[in-house]
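J.: I have a structure I would like to understand better, so I am pasting it below and will then ask my questions one at a time.
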């Protein structure tokens, strides 16, 4: 995970290269075989390189993410003959609006365009909601299983290796090196959850880069990979409730070790799905109103990670929004903004 901060930009070059040479129905399977063969050295290389390889943002995660994105965003079987309405690019709309000299006319045209986009997104929802939800949830889970299994393999093979790396990092940045064991134990208690979150963030970064390349090459399926079209299935709510009950039961009964690790990480991972749903709703709200969704949400997430108290507030709001969307239908409200007064 420490490697991800420096190794990810270099590993991303592999994703960019694959996206540039990719040809639909011609070399996808060839690229897949080559990419999978590059994962094999991750089991036989030295321990320090193994951790780099399997970490979130490492080479294995980037290669697998690239193949998933290429397949999902360009494959015909996702939508078959269904026609998705084209949503014009925000920058293109802005350029058209700016050309209008009269302020009142400009505002009127802007509001009309926003309404049209809301209607188009609503029409696309029945076609894109299920495949996009499967795409995101499936990708997050698959990447987590691969990277966490790889890191667990490295840890079991060399139990002290990961701890020594974190010790070196901790003594470099921490003001009180003597408390390392306490910090390390608390960090490792949420190791699975932190791997899951890191995989999610890096996957979204890769998706952003890959989408731009595929759009430039006219290969991307409209609407696929759009975070606005995501809705967590209702049964996940029951999984959330059961995992929360198990977590609090383990705490109440004062279980420790593997039981506490599984219960705590499972509860936080399931919670992160609803946080992602909250982000999706906010993304949809910004997208319909022609605001820079990616920039705004990325700024909020970075700010949250810099300040612990603020991060708890932000992620609690997103979690609450994602959980209560089943009853309050925030997604529909985001699609139907009150843009015009009664007098208009």
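J.: Under a 10 Å cutoff between Cα atoms, tell me which one of 180, 330, 202 has the largest fluctuation in the Gaussian network model of the chain.
T.: 180
J.: I need the per residue convex hull volume for region 67-201, using only the alpha carbons, in cubic angstrom as a whole number.
T.: Cα convex hull per residue, to the nearest whole number: 204 Å³.
J.: Report, in deg cm²/dmol and to the nearest 500, the calculated mean residue ellipticity at 222 nm for the chain, where each DSSP H run with n ≥ 4 adds -39500 (n - 2.57) and the sum is divided by the residue count.
T.: Helix-only estimate at 222 nm: -25500 deg cm²/dmol.
J.: If you don't mind, another one. Starting from the 7 Å offset along Cα-to-Cβ, what nm value, one decimal, do you get for the label separation of residue 158 and residue 302?
T.: 3.3 nm
J.: Let me ask something else. Pick from 196, 273, 328: which residue has the top mean-square fluctuation in a GNM of the chain where Cα pairs under 10 Å get a spring?
T.: It is 328.
J.: Between 127, 13, 286, where does the largest GNM mean-square fluctuation fall for the chain, given springs only between Cα atoms within less than 10 Å?
T.: Of 127, 13, 286, the most mobile in the Gaussian network model is 13.
J.: Calculated FRET efficiency, residue 317 and residue 79, Cβ-Cβ r, R0 41 Å, to nearest 0.05?
T.: With R0 = 41 Å, the Cβ-Cβ based efficiency is 0.80.
J.: Which distance in Å, rounded to a whole number, links the C-alpha centroids of region 71-109 and region 215-241?
T.: Measuring centre to centre over Cα atoms gives 19 Å.
J.: Go ahead and run the numbers for FRET between residue 27 and residue 295, Cβ-Cβ distance against an R0 of 25 Å, rounding to 0.05.
T.: Step by step, r from the Cβ atoms, then E = 0.15.
J.: Take region 232-344, compute every pairwise Cα distance, and split them into 10 Å bins from 0; I just need the percent in each bin.
T.: 13, 33, 32, 15, 5, 1, 0
J.: Given contacts defined as C-alpha pairs under 8 Å and at least six residues apart, what's the relative contact order of the chain, whole-number percent?
T.: Value for the chain: 21 percent.
J.: For region 245-318, what relative contact order do you get, as a whole percent, if you take Cα pairs closer than 8 Å and at least 6 residues apart?
T.: Value for region 245-318: 24 percent.
J.: Just subtract the alpha-carbon distance of residue 92 and residue 310 from 0.36 nm times their residue separation and send over the number in nm, one decimal.
T.: That pair, residue 92 and residue 310, stretches by 75.0 nm at full extension.
J.: Could I ask something else about it? Work out, step by step, the length gained on full extension between residue 217 and residue 34: first 0.36 nm times the residue separation, then minus their alpha carbon distance; give nm to one decimal.
T.: Separation in residues times 0.36 nm, less the Cα-Cα distance, equals 63.6 nm.
All of the numbers you see were taken from the coordinates with simple rules; none came from a lab. None of these values were measured; they are calculated from a predicted model. Neighbour counts are summed over all protein chains in view; Cβ atoms, including those assigned to glycine, are modelled from backbone coordinates with ideal geometry.
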